[in-house]
1. Go over the candidates 119, 83 one by one and state the one that is modelled with pLDDT of 95 or more, surrounded by 15 or more Cβ atoms within 10 Å (Cβ to Cβ) and farther than 22 Å from residue 19 by Cα.
2. Would you please name the residue that is surrounded by the most Cβ atoms within 10 Å (Cβ to Cβ), looking only at residues in the stretch 161-211 that are within 18 Å of residue 241 (Cα to Cα) and of a type in the set (Gly, Ala, Ser)?
3. Show the residue pairs that are 6+ apart or on different chains and have beta-carbon atoms under 9 Å apart, the first residue being within the stretch 165-177 and farther than 22 Å from residue 141 by Cβ, the second being part of a loop (DSSP other than H, G, I, E, B) and polar (S, T, N, Q).
4. Quick check on my filter: what residues within the stretch 120-150 are in contact (Cβ under 8 Å) with a residue 24 or more places away in the chain and not in a strand (DSSP E or B)?
5. Within the stretch 111-122, is there a residue that is within 25 Å of residue 172 (Cα to Cα) and in contact with a Phe, Trp or Tyr (Cβ under 6 Å, 6 or more places away or on another chain)?
6. Would you pick out the residues in the stretch 93-116 that are crowded, with 18+ Cβ neighbours inside 10 Å and either among the polar types (S, T, N, Q) or farther than 18 Å from residue 34 by Cβ (or both)?
7. Which is buried (at least 21 other Cβ atoms within 10 Å of the Cβ) and out of contact with any Pro (no Cβ under 7 Å at 6 or more places or on another chain), of 256, 229?
Amino acid sequence: MVDDAAGGEGPGPATPLAPGPLVTIGDGALEVDIAARAGGRIAQIRCDGVEQLVGHGEHGAEAAIAWGCYPMVPWCGRIREGRFAFQGREYRLPVNLGDHAIHGVGFLVPWTLHSHGPRHARLELALPQDHRWPFGGTAAQRIEVSGRGLALELSVTAGAQAMPVAIGWHPWFRKPERMVFEPEAMYPRDSQGIAVLPPGPVQSGPWDDCFVNRREVVLYRGGQCIRLASECSDWVVYDAPAFATCVEPQTAPPDAFNLVPGQALQPGETLAARFSLRWE
């Protein structure tokens, strides 16, 4: 039996998505604008007054997929043709980028700003249980600024039924002049452009690829240095645009529901991930 959700309507990655109301948190030199209603994303980060992200409307970036720093939940990257099997049942998600389903549902829908203070905010989301995502569950984010550091935490909790899961972040950094990135391995991509196993040697860029990486990533731009770290061991780097580089830590590679189907939550279980950014 196949649960076919492909006919559902709703906003997609290419749908224009404005920031809406912003909440700004900060601590001295570092300020973060949060657009909870625009997919629970960070709309902009400023350090010493310098903007760090590709903001809404810059370089024509109005589509939901193309600006800020947004959470990918409950999956990251592409699910091949929106199809996967879980606990003996076949599922099909709505395809919304070419022939595939991309980046989850969290970045397309409004989140609730549960609480916030001068230096922190908590966002929450009830995941759908419909054609977009049949399992339900909840997601939460904590965003906290301390000095010149930004700490992000993203979690997802299963509801009454078990669910597959992969989570991560998709920041659109303004183009760095230099990036220090030393991954261990790189997932090859097939003719559909989707990651496949096993990871192998790292090939030269430009990249729209997933890597096995356990080291800090460092970006240099305009006299500033940003150090990126996460316990996630899968990182996607997309550096083809002349104006941006995306550096995306995530708990599993793209097409995770097919590549690593054992990554799942039982009812009531939680998966959490953390991502730290520090400016020097």
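The values are calculated or read from the model by the stated rules, or taken from the named source; none is laboratory data. These figures come from a predicted structure and were not determined experimentally. So basically every Cβ, Gly included, is an ideal-geometry build from the backbone, and we count neighbours across all protein chains shown.
1. Just a single option satisfies the conditions, and that option is 83.
2. Residue satisfying both the conditions and the ranking: 205.
3. 174/52
4. Result: 127, 129, 131, 132, 134, 135, 136, 137, 147, 148.
5. no
6. Selection gives 93, 94, 95, 96, 100, 101, 102, 103, 104, 105.
7. Numbers: 229 fails: buried (at least 21 other Cβ atoms within 10 Å of the Cβ).
Just one listed residue meets the conditions, 256.
Here's the yes/no breakdown for (1) among the basic types (Lys, Arg); (2) more than 27 Å from residue 166 (Cβ to Cβ):
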{"position": "24", "(1), (2)": "no, yes"}
{"position": "44", "(1), (2)": "no, no"}
{"position": "49", "(1), (2)": "no, yes"}
{"position": "54", "(1), (2)": "no, no"}
{"position": "61", "(1), (2)": "no, no"}
{"position": "65", "(1), (2)": "no, no"}
{"position": "83", "(1), (2)": "yes, no"}
